[in-house]
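The values are calculated or read from the model by the stated rules, or taken from the named source; none is laboratory data. Because the structure is predicted, anything quoted here is derived from the model rather than measured. Positions of Cβ are generated from backbone atoms using ideal geometry, with glycine treated the same way; all protein chains shown enter the neighbour counts. Side chains included, ligands, DNA and RNA excluded: accessible areas come from the protein's heavy atoms. Shrake-Rupley method; radii C 1.70, N 1.55, O 1.52, S 1.80 Å.
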Amino acid sequence: MTDQFTSTNPATGDVVWEGAAAGTGEVAAVIDAAHRAFACWAATPLETRIAHVRAYKTALETHADDLARAIGQETGKPLWEGRQEAASMIAKVELSIKAQAERAGRREQEMAFGRAVLRHRPHGVMAVLGPYNFPGHLPNGHIVPALLAGDTVIFKPSEETPLVGAWMARCWAEAGLPDGVFTLLQGGRDTGAALIGGAIDGLLFTGSAGAGAHFRRLFVDRPEVILALELGGNNPLIAWDGDPAAIASIVVQSAFITTGQRCSCARRLIVPAGAVGDSIVEATVALAGRIGIGQWDEQPEPTIGPLISAVAATNARKAVAALIDSGARTILPFEAVAGRSEAFVTPAILDVTGLDVPDAEIFAPVLQVIRVADFDEAIAAANRTAFGLSGGLVTADGTLWQRYADRARAGVLNWNRPTTGAAGSMPFGGLGASGNHRPSAYYAADYCAYPVASFEAGAVVDLTGEIKGLR
């Protein structure tokens with residue numbers, strides 16, 4: 001008997017999707033089908049694979065509003081953000097085609113004996129485990145490049161967002177892919193465990209650092225499986241000088257957008273001790289107080305919605321309470337929202353200067369303030385983390401930016417822009433606990449295929465004369 005599960009709107013508790021979780025037998029059958037489909041798909045001309053991917057793009061464009069609404073209903077994101085995510089998914093197609101040609105294409109060079117040829121080959125069956133915060137855009141960033149490379153894909157969305165996964169599967173079906181090339185598996189932890197425990201050739205994962213560490217250990221004796229891990233961060237934003245109101249606009253977009261549920265959100269705000277830092281914090285508090293909180297389809301549009309679930313809100317409250325117990329001073333309290341579901345929370349700001357607090361990602365709109373004596377101390381504080389996803393500096397001084405850029409440990413580093421700023425035309429990923437040195441976005445082509453270098457001569461030539469020391 002298969003297990004049934006549902007997804008609910010975190011703002012209302014209404015059920016938006018219900019269905020069966022794939023059991024171990026179904027997972028095994030799907031993996032077998034993906035292996036059977038692989039050889040033919042890998043041999044399919046690139047132009048044909050591109051045509052299928054562009055047909056998927058057309059299907060996304062046709063269903064863009066439905067997809068945006070599904071994103072809003074399942075994640076609680078405001079509709080404007082759901083529409084942004086759907087647009088990013090559409091834009092990903094042409095960017096992926098360009099990246100594949102640039103980073104994983106074919107190159108030929110004439111040699112004295114003939115030619116040297118660089119080709120790229122697909123790995124095989126790729127398992128894609130999607131997150132709930134960007135349930136369409138982030139797995140899309142693995143799936144499109146993998147299919148272009150000639151891999152077959154098995155996609156398990158987060159159990160929090162199966163409806164979005166179902167819409168993606170519908171769009172791929174409308175693209176006319178052969179059987180077994182793309183398959184959707186719905187389910188939770190058990191389904192995911194069965195998938196990654198099977199005979200897959202790659203795991204492309206976006207999620208928490210804890211889960212990523214688990215996968216590193218799990219696959220340590222399976223070197224044939226390529227891992228691409230896009231994980232979280234305890235991201236620093238150094239706000240050093242400038243107009244406090246302007247700085248606050250960057251801080252708020254860094255820390256509180258998507259209700260703090262972006263892996264690139266700023267978790268630590270580092271400011272100079274004294275009047276300058278005080279004015280930056282005060283301006284941030286003032287702007288944070290203007291953030292509109294509401295349901296995904298409310299009018300006027302809210303800035304942010306709820307967290308993904310009441311459980312997520314409870315976990316965030318526990319983390320904030322632990323900081324306060326450790327001596328953190330509350331600047332802006334972390335509170336429930338009156339008249340709303342338990343998943344709704346308000347942005348919070350805590351001063352943790354001088355405290356030994358956990359180096360952990362609180363996946364919620366919670367910002368920790370650290371005051372420092374000078375810029376060298378600011379850089380040291382920013383780098384005092386096992387993570388290395390994103391970071392930022394706000395200053396008008398280009399010399400300070402260069403100092404920070406030279407010493408920062410992060411895969412995404414922004415100057416006078418939010419830490420959440422990213423583009424599909426650039427790589428996206430981190431080091432340390434934030435990933436495994438396989439950035440996604442434009443560089444996803446790198447882990448979806450492996451390079452093959454060939455030296456080729458069109459005729460059999462006697463090489464005896466090149467062998468030294470013959471008797």
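Only helices (runs of 4 or more DSSP H) wholly contained in region 213-329 count here; list those with 3 or more residues that are among the hydrophobic types (A, V, I, L, M, F, W, C), at pLDDT below 95 and open to solvent by less than 10 Å² (accessible area, probe 1.4 Å).
Numbers: elements: 244-255, 275-288, 310-325.
Once the helices (runs of 4 or more DSSP H) in region 213-329 are filtered for at least 3 residues that are among the hydrophobic types (A, V, I, L, M, F, W, C), at pLDDT below 95 and open to solvent by less than 10 Å² (accessible area, probe 1.4 Å), nothing remains.
Give the residue, chosen from 225, 271, that is among the hydrophobic types (A, V, I, L, M, F, W, C), more than 23 Å from the chain's Cα centre (by Cα) and over 24 Å from residue 80 (Cβ atoms).
271
So, in region 330-352, how many residues would count as being open to solvent by 30 Å² or more (accessible area, probe 1.4 Å) and without any contact (Cβ under 8 Å) to a residue 40 or more places away in the chain?
The number of residues fulfilling the criteria is 8.
For region 30-44, how many residues meet the condition of being in contact (Cβ under 8 Å) with a residue 12 or more places away in the chain, closer than 20 Å to residue 195 by Cα and not aromatic (Phe, Trp, Tyr)?
Matching residues across region 30-44 total 7.
Among the acidic types (Asp, Glu), in a helix (DSSP H, G or I) and over 17 Å from residue 422 (Cα atoms): which single residue out of 85, 102, 108 fits that description? Even if it seems obvious, please write down each step before you answer.
Working: 85 fails: over 17 Å from residue 422 (Cα atoms); 108 fails: in a helix (DSSP H, G or I).
Sole residue among the options that is among the acidic types (Asp, Glu), in a helix (DSSP H, G or I) and over 17 Å from residue 422 (Cα atoms): 102.
Okay, residues lined up against (1) over 23 Å from residue 211 (Cα atoms); (2) of a type in the set (A, V, I, L, M, F, W, C); (3) at pLDDT 95 or above; (4) not in a helix (DSSP H, G or I):
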site: 91; (1), (2), (3), (4): yes, yes, yes, no
site: 135; (1), (2), (3), (4): no, no, yes, yes
site: 140; (1), (2), (3), (4): no, no, yes, no
site: 169; (1), (2), (3), (4): yes, yes, yes, no
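Exactly one condition in (1) touching a residue at least 60 places away in the same chain (Cβ under 8 Å); (2) surrounded by 22 or more Cβ atoms within 10 Å (Cβ to Cβ) is not met by residue 165; state its number.
Failed condition: (1).
One residue is enough: does region 412-429 have a residue meeting the conditions of a type in the set (Gly, Ala, Ser), in contact (Cβ under 8 Å) with a residue 60 or more places away in the chain, surrounded by fewer than 24 Cβ atoms within 10 Å (Cβ to Cβ) and in contact with a helix residue (DSSP H, G or I) (Cβ under 7 Å, 6 or more places away or on another chain)?
Within region 412-429 (the criterion being of a type in the set (Gly, Ala, Ser), in contact (Cβ under 8 Å) with a residue 60 or more places away in the chain, surrounded by fewer than 24 Cβ atoms within 10 Å (Cβ to Cβ) and in contact with a helix residue (DSSP H, G or I) (Cβ under 7 Å, 6 or more places away or on another chain)), the answer is yes, since at least one residue qualifies.
Select, from 187, 198, the only residue that is small (Gly, Ala, Ser) and either part of a helix (DSSP H, G or I) or open to solvent by 10 Å² or more (accessible area, probe 1.4 Å) (or both). Give the derivation first.
Details: 187 fails: either part of a helix (DSSP H, G or I) or open to solvent by 10 Å² or more (accessible area, probe 1.4 Å) (or both).
Sole residue among the options that is small (Gly, Ala, Ser) and either part of a helix (DSSP H, G or I) or open to solvent by 10 Å² or more (accessible area, probe 1.4 Å) (or both): 198.
Residue 459 passes all but one of (1) among the hydrophobic types (A, V, I, L, M, F, W, C); (2) surrounded by fewer than 19 Cβ atoms within 10 Å (Cβ to Cβ); (3) not in a loop (DSSP other than H, G, I, E, B); which number fails?
It fails just one condition, (3).
So is residue 154 over 17 Å from the mean Cα position of the chain (by Cα) and open to solvent by 10 Å² or more (accessible area, probe 1.4 Å) or not? First the steps, then the outcome.
On the way: over 17 Å from the mean Cα position of the chain (by Cα): yes; open to solvent by 10 Å² or more (accessible area, probe 1.4 Å): no.
Answer is no for this residue.
When only residues in region 25-83 that are closer than 30 Å to residue 342 by Cα and among the polar types (S, T, N, Q) count, which is least open to solvent (accessible area, probe 1.4 Å)?
Applying the filter and picking the extreme gives 75.
Any residue in region 238-249 that's among the hydroxyl-bearing types (Ser, Thr, Tyr): show its pairings with residues that are assigned to a helix (DSSP H, G or I) at Cβ separation under 8 Å, as long as the two are six or more apart or on different chains.
Here the result reads 249/287, each pair linking region 238-249 to a residue that is assigned to a helix (DSSP H, G or I).
When you go through 258, 191 one by one, which is the residue that is polar (S, T, N, Q), over 16 Å from the mean Cα position of the chain (by Cα) and under 30 Å from residue 170 (Cβ atoms)? If you could, list the steps in order and put the result at the bottom.
Values: 258 fails: over 16 Å from the mean Cα position of the chain (by Cα).
Matching residue, one of 258, 191: 191.
Which residue pairs have Cβ atoms closer than 6 Å, lie 6 or more positions apart in sequence or on different chains, and pair a first residue in region 8-29 that is more than 27 Å from residue 66 (Cβ to Cβ) with a second residue that is of a type in the set (Gly, Ala, Ser)?
Correct list of pairs: 24/194; 27/194.
Please work out which one of (1) more than 25 Å from residue 454 (Cβ to Cβ); (2) open to solvent by 10 Å² or more (accessible area, probe 1.4 Å); (3) touching a residue at least 24 places away in the same chain (Cβ under 8 Å) is the condition residue 140 fails and give its number.
Of (1) more than 25 Å from residue 454 (Cβ to Cβ); (2) open to solvent by 10 Å² or more (accessible area, probe 1.4 Å); (3) touching a residue at least 24 places away in the same chain (Cβ under 8 Å), only one is false for residue 140: (2).
Here's the yes/no breakdown for (1) surrounded by 14 or more Cβ atoms within 10 Å (Cβ to Cβ); (2) in contact with a helix residue (DSSP H, G or I) (Cβ under 7 Å, 6 or more places away or on another chain):
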position: 97; (1), (2): yes, yes
position: 100; (1), (2): yes, yes
position: 109; (1), (2): no, no
position: 119; (1), (2): yes, no
